[in-house]
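Working notes for the structure below.
The values are calculated or read from the model by the stated rules, or taken from the named source; none is laboratory data. Note that this is a predicted model, so its numbers are computed, not measured. All Cβ positions, glycine included, derive from the backbone under ideal geometry; neighbour counts span all protein chains shown. What goes into the accessible areas is simple: the full protein's heavy atoms, side chains included, and nothing from ligands, DNA or RNA. Shrake-Rupley method; radii C 1.70, N 1.55, O 1.52, S 1.80 Å.
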Amino acid sequence: MVYMRSGESTGGNGGQLLLSTGTSYSSGGVSGAFTMRTSDAGHGTSTSGAMTLSTGYSTSGGSGVISIASGIATGGAGGAVTMSVGEGDTGSGGDLNLAAGKSAVNGGMVNLYAGVGSAHTGGAIAIASGEGTATSSGAITIRSSNGGGSGVSGKLVFSSGTSSGGNSGALYLGSGKATGGRGGAVTMSVGEG
């Protein structure tokens, strides 16, 4: 095992730990890549090692923040941030779970924003289920959770933004086109009381 740890402190902040690759000063050069991974699994039914990225606990305040971001680009495009799950050839592909924190007061929020376009169109957000090359594609479910004994379930709001110098965006709700079958139904219903 390789163990790396910065210094402790009893009267201030603990020491920092910085890992950085080398800078490239040549024209068209690229700074060094940084790869952090576990080794491949052995033979048989073994599994490759897990990787945990976590901040420490806090007993009398907030826990630390985790920030994953690409750098700012001057004269070019910002770098992409990609999160992907491994494929499986004999079972299901891995899950990708994104959850906000639990609290005794209010639960944390999950915010998903596309980029601002200061001179042109802002970035789009695309949510799509997986394709089924032999059978059905995956479903997408958007719902609020159940309410408690003295509250209501959360509301759902589907709305386009406002516009100060033109038309506001349209809102489309429809099923897909079918070749060799019937088009899918669109159902709107109100809950029972």
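Evaluation of residue 25 against the conditions (1) surrounded by 10 or more Cβ atoms within 10 Å (Cβ to Cβ); (2) farther than 25 Å from residue 85 by Cβ shows that the sole unmet condition is (1).
The residues in the stretch 86-100 that are open to solvent by less than 60 Å² (accessible area, probe 1.4 Å) and either within 14 Å of the chain's Cα centre (by Cα) or among the polar types (S, T, N, Q) (or both) can be counted, and the count is 1. Within the span defined as the stretch 150-165, one or more residues are of a type in the set (A, V, I, L, M, F, W, C), under 22 Å from the mean Cα position of the chain (by Cα), closer than 30 Å to residue 65 by Cβ and part of a loop (DSSP other than H, G, I, E, B). In this structure, residue 116 does not qualify as among the aliphatic types (A, V, I, L, M), in a loop (DSSP other than H, G, I, E, B), more than 26 Å from residue 176 (Cβ to Cβ) and in contact (Cβ under 8 Å) with a residue 12 or more places away in the chain.
Determine whether the stretch 135-156 contains at least one residue that is within 30 Å of residue 72 (Cβ to Cβ) and not polar (S, T, N, Q). No, every residue in the stretch 135-156 fails to be within 30 Å of residue 72 (Cβ to Cβ) and not polar (S, T, N, Q). Can you find a residue that is over 30 Å from residue 103 (Cβ atoms) and touching a residue at least 12 places away in the same chain (Cβ under 8 Å) anywhere in the stretch 48-61? No, the stretch 48-61 has no match at all.
When we screen 141, 179, 121 for residues that are open to solvent by 100 Å² or more (accessible area, probe 1.4 Å) and either closer than 26 Å to residue 69 by Cβ or in contact with a Ser or Thr (Cβ under 9 Å, 6 or more places away or on another chain) (or both), the only hit is 121. Pairs are defined by a Cβ separation below 6 Å, a sequence spacing of at least 6 or placement on different chains, a first member in the stretch 14-40 that is free of Cβ contacts under 8 Å to residues at least 40 places away in the same chain, and a second member that is open to solvent by 100 Å² or more (accessible area, probe 1.4 Å); the pairs so defined are 14/8; 21/34; 24/30; 38/51.
Among the residues of the stretch 37-57, those that are among the polar types (S, T, N, Q), modelled with pLDDT of 85 or more and either outside any loop (DSSP other than H, G, I, E, B) or open to solvent by less than 100 Å² (accessible area, probe 1.4 Å) (or both) comprise 38, 39, 48, 54, 55.
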